[in-house]
1. Considering (1) more than 16 Å from the chain's Cα centre (by Cα); (2) exposed (fewer than 12 other Cβ atoms within 10 Å of the Cβ), say which one ARG116 fails and leave the rest.
2. Can you name the residue in the range 1-27 that is of a type in the set (Asp, Glu) and more than 10 Å from the chain's Cα centre (by Cα) and, of all such residues, is surrounded by the most Cβ atoms within 10 Å (Cβ to Cβ)?
3. So GLY7 clears everything in (1) assigned to a helix (DSSP H, G or I); (2) under 14 Å from GLY110 (Cβ atoms); (3) among the small types (Gly, Ala, Ser) except one condition, right? Which one?
4. Determine if the range 71-82 includes at least one residue that is small (Gly, Ala, Ser) and either under 18 Å from ARG116 (Cβ atoms) or modelled with pLDDT of 90 or more (or both).
5. If we scan the range 36-47, do we find a residue that is polar (S, T, N, Q), more than 20 Å from ASN115 (Cα to Cα), in contact with a Lys or Arg (Cβ under 9 Å, 6 or more places away or on another chain) and at pLDDT below 95?
6. Looking at the range 57-73, which of its residues are under 16 Å from the mean Cα position of the chain (by Cα), within 15 Å of ARG10 (Cα to Cα) and surrounded by 14 or more Cβ atoms within 10 Å (Cβ to Cβ)?
7. Output the qualifying pairs, or none if there are none: Cβ atoms under 8 angstrom, residues six or more apart or on different chains, first residue in the range 35-57 and farther than 23 Å from ILE6 by Cβ, second residue assigned to a strand (DSSP E or B) and among the hydrophobic types (A, V, I, L, M, F, W, C).
8. In the range 57-105, which residues are hydrophobic (A, V, I, L, M, F, W, C), farther than 14 Å from ALA25 by Cβ and part of a strand (DSSP E or B)?
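The values are calculated or read from the model by the stated rules, or taken from the named source; none is laboratory data. The model shown is predicted, which means the values in this text are computed figures rather than measured ones. Every residue, glycine among them, receives a Cβ derived from its backbone with ideal geometry; neighbour counts consider all protein chains shown.
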Amino acid sequence: MTFDIIGLCRDEPGPATVLPALAAAGQELLADIQDEQPLIRLLHPDGRLMTTVEDVRLVRVPDEVRRLLGVGADVPHPVWWVEIWAPGDDPEAETVARAFTTALVTGTGGLSWSNR
């Protein structure tokens with residue numbers, strides 16, 4: 001099972017917030033960006049997958065985050081949804097995913113949700 005964490009961002013994440021968040025996840029990590037897929041994969045120097053960041057989605061429907069995740073009191077509206085996942089059996093990968101998401105929501109305002 002994967003570790004899933006979602007950044008719920010007040011402001012649209014762009015290069016000015018995503019790049020520092022990637023650096024906060026780990027200076028030694030390698031970024032794998034493929035044009036045909038809207039994903040960023042962060043890899044350990046030994047090649048292990050640490051985390052995958054999906055493309056940003058704008059959620060405009062009121063209460064949609066509450067319906068999907070069960071949270072809502074402090075969720076900005078509309079909200080930019082950024083989904084991040086990591087291999088569930090690698091505690092280091094979970095740490096990387098949390099560090100990226102924390103830096104992202106700090107830079108954009110908002111909060112995060114995770115499946116654990």
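1. (1)
2. Looking at the filtered set, the residue picked out is ASP11.
3. (1)
4. no
5. Looking through the range 36-47, none of the residues is polar (S, T, N, Q), more than 20 Å from ASN115 (Cα to Cα), in contact with a Lys or Arg (Cβ under 9 Å, 6 or more places away or on another chain) and at pLDDT below 95.
6. VAL59, VAL65
7. As it stands, the answer is PRO45/LEU30, since those pairs meet every condition given.
8. LEU58, VAL59, VAL79, TRP80, TRP81
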